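J.: This is the structure, below, for whatever I ask next.
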Amino acid sequence: MHPTLQWIDQSAASNGLGLLRMIDQTLLPTEFREIDCETVEQVWEAIKMLRVRGAPAIGVAAAYGVVVGLLSSRESEASEFNRRLVEVTEYFATSRPTAVNLFWALDRMREVAASCGDADSESIWQRLLAEAKAIELEDREMCAAIGRHGAELLQDGTGVLTHCNAGGLATAGDGTALSVIFAAAAQGKQLQVYADETRPLLQGARLTAWELQQRDIPVTVICDNMAGWVMKERRVQAIVTGADRIAANGDAANKIGTYSVALLARAHGIPFYVAAPSSTFDMSLATGEDIPIEERKPEEITHGFGKQTAPEGVNTYNPAFDVAPADHIAAIVTERGLISPVTSENVRKVLSPS
Ligand code: MRU
């Protein structure tokens, strides 16, 4: 698959310095276009407006965003370079609050800079670029490992429901939930995927359906409010979603609507799986209660994709995420293996085995 985002080195970049290139996901599926981000404001805007989205991809974008933000400080005094580093990382932290991968990547970038001692700014910048590339590479490897561990959960002939987009577009690799599906399909299993369209921004209909079509995996788009009936009709035998932040007890925040899907799955006796890398866990939060939930602007509900669909001035409430309770999750698929049953103890065992 075409890379969701990639660093363009000095020699190939139009600005002669280096830039971050990414697929503009707001245009899919009708237009495939890449955008080049040469300023920190452009990367911030791309994250905020969901041109790049999905927890792992947001982390990778923010890491490269730090590199972009320090391009013009490479010849500065160390104190000025460090001042700018703080400014840029604090700025990215204001872009989107829920996906912890963003903060995890920013922390890694700050730690790398701090470990450089009294190196000159150019050397620190080179170390930051190397760290961003490492974050990207590790993400690709984590996706592949999630696929390997998760494929065993899906039998031949399974109908699988997924919500939002947790595919290649949401990561630097093959995705998390979709990586499980891709890996099972690669083993020769015939799968039928049901993609919730995922109101209000339609990541399921626009992005998941597009990705699955690209890979020749049968996909059927349904409106979000059809998920319960699809389960009742026994069209799906498993549900797999991604996550944006998972608390220490396994409560998992994901795109709004995931909570309902988890409850519906329990009501119908269908296993609900979450696929996510270790970078999506926030062990500082005991439960999902404290996960910050992003609230987005009313127009996403009232004027979706340019068409007014609600009366002028009507009240709206637009939380972008919700939290699936740990006891509703049959297993969390990580790059280190499966967490099941989902308890604080098992989360700890898989994430920090020593
Ligand atoms: O608002 P988005 O599109 O960034 O939300 C994305 C999701 O909720 C994904 O399911 C999640 O980030 C996992 S991506 C591997």
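The values are calculated or read from the model by the stated rules, or taken from the named source; none is laboratory data. Keep in mind that this is a model prediction, so the values were computed, not measured. So basically every Cβ, Gly included, is an ideal-geometry build from the backbone, and we count neighbours across all protein chains shown.
J.: Tell me which residues, restricted to the range 216-251, are of a type in the set (Lys, Arg) and within 17 Å of the chain's Cα centre (by Cα).
T.: Residue satisfying the conditions is 245 alone.
J.: For residues in the range 163-177 being in contact with a Cys (Cβ under 9 Å, 6 or more places away or on another chain) and outside any loop (DSSP other than H, G, I, E, B), which is nearest to residue 236 (Cα to Cα)? So that I can check it myself, show each step before the final result.
T.: So the first thing to find is which residues in the range 163-177 are in contact with a Cys (Cβ under 9 Å, 6 or more places away or on another chain), and the list is 168, 170-177.
From the residues that got through so far, the ones that are outside any loop (DSSP other than H, G, I, E, B) too are 168, 170, 175, 177.
Details: 168: 23, 170: 23, 175: 21, 177: 15 Å.
Restricting to residues being in contact with a Cys (Cβ under 9 Å, 6 or more places away or on another chain) and outside any loop (DSSP other than H, G, I, E, B), the top hit is 177.
J.: In the range 187-218, how many residues are farther than 23 Å from residue 51 by Cβ and touching a strand residue (DSSP E or B) at 6+ places or on another chain (Cβ under 9 Å)?
T.: Restricting attention to the range 187-218, the residues satisfying the condition of being farther than 23 Å from residue 51 by Cβ are 187-194, 216-218.
Next, from what is left, pick out any that are touching a strand residue (DSSP E or B) at 6+ places or on another chain (Cβ under 9 Å): 191-194, 217-218.
Result for the range 187-218: 6.
J.: Still on this structure: Keeping to the range 246-265, report how many residues are within 14 Å of residue 224 (Cβ to Cβ) and near the ligand (Cβ under 9 Å from one of its atoms).
T.: The qualifying residues number 4.
J.: Determine which single condition residue 184 fails, assuming it passes every other condition in (1) assigned to a loop (DSSP other than H, G, I, E, B); (2) outside the structural domain of residue 24 (by TED's automatic domain parsing).
T.: All conditions are met except number (1).
J.: Within the bounds of the range 306-329, is there any residue that is of a type outside the set (Val, Ile, Thr), modelled with pLDDT under 95 and farther than 30 Å from residue 180 by Cα? Before you say what the answer is, go through the steps one by one.
T.: Taking the range 306-329 and keeping what is of a type outside the set (Val, Ile, Thr), we get 306-308, 310-313, 315, 317-322, 324-328.
Checking which are modelled with pLDDT under 95 leaves us with 306.
If we keep only those that are farther than 30 Å from residue 180 by Cα too, we end up with 306.
Within the range 306-329 (the criterion being of a type outside the set (Val, Ile, Thr), modelled with pLDDT under 95 and farther than 30 Å from residue 180 by Cα), the answer is yes, since at least one residue qualifies.
J.: I'm trying to understand the selection: among the residues of the range 260-302, which are under 15 Å from residue 320 (Cβ atoms) and more than 18 Å from the chain's Cα centre (by Cα)?
T.: Passing the criteria: 260, 297, 298, 299, 300, 301.
J.: Another question about this same structure. Has the range 66-88 got at least one residue that is within 16 Å of the ligand (Cβ to nearest atom) and not assigned by TED's automatic domain parsing to the domain that holds residue 280? Walk me through how you get there before you give the answer.
T.: Within the range 66-88, the first condition is being within 16 Å of the ligand (Cβ to nearest atom), and the residues that meet it are none.
No, the range 66-88 has no match at all.
J.: Also, quick follow-up: Among the listed residues 180, 193, 160, which satisfies the condition of being within 13 Å of the ligand (Cβ to nearest atom) and surrounded by 22 or more Cβ atoms within 10 Å (Cβ to Cβ)? Spell out how you get there, then give the answer.
T.: On the way: 193 fails: within 13 Å of the ligand (Cβ to nearest atom); 160 fails: within 13 Å of the ligand (Cβ to nearest atom).
The conditions single out 180.
J.: Now for a different question. Please determine whether any residue of the range 233-241 is free of Cβ contacts under 8 Å to residues at least 24 places away in the same chain and in a helix (DSSP H, G or I).
T.: No: the range 233-241 contains no residue that is free of Cβ contacts under 8 Å to residues at least 24 places away in the same chain and in a helix (DSSP H, G or I).
J.: Among the residues of the range 203-226, what is the count of those that are free of Cβ contacts under 8 Å to residues at least 24 places away in the same chain and not in a helix (DSSP H, G or I)?
T.: Number satisfying all stated conditions: 1.
J.: Within the range 280-309, restricting attention to residues that are among the polar types (S, T, N, Q), surrounded by 14 or more Cβ atoms within 10 Å (Cβ to Cβ) and closer than 23 Å to residue 253 by Cβ, which residue is farthest from the ligand (Cβ to nearest atom)?
T.: Filtering the range 280-309 for residues among the polar types (S, T, N, Q) gives 280, 284, 287, 302, 308-309.
Still in the list and also surrounded by 14 or more Cβ atoms within 10 Å (Cβ to Cβ): 280, 287, 302.
In the following step, the residues that additionally are closer than 23 Å to residue 253 by Cβ were identified as 280, 287.
On the way: 280: 7, 287: 19 Å.
Here the answer is 287.
J.: Among the numbered criteria (1) surrounded by 18 or more Cβ atoms within 10 Å (Cβ to Cβ); (2) part of a helix (DSSP H, G or I), which single criterion is violated by residue 229?
T.: Just one mismatch for residue 229, condition (1).
J.: Of all residues in the range 1-47, how many are within 27 Å of residue 197 (Cα to Cα) and among the hydrophobic types (A, V, I, L, M, F, W, C)?
T.: Of the residues in the range 1-47, 12 are within 27 Å of residue 197 (Cα to Cα) and among the hydrophobic types (A, V, I, L, M, F, W, C).
J.: When residue 39 is evaluated against the numbered criteria (1) surrounded by fewer than 23 Cβ atoms within 10 Å (Cβ to Cβ); (2) closer than 28 Å to residue 291 by Cα; (3) of a type in the set (Val, Ile, Thr), which criterion, by number, is the only one it fails?
T.: In the conditions (1) surrounded by fewer than 23 Cβ atoms within 10 Å (Cβ to Cβ); (2) closer than 28 Å to residue 291 by Cα; (3) of a type in the set (Val, Ile, Thr), residue 39 misses (2) alone.
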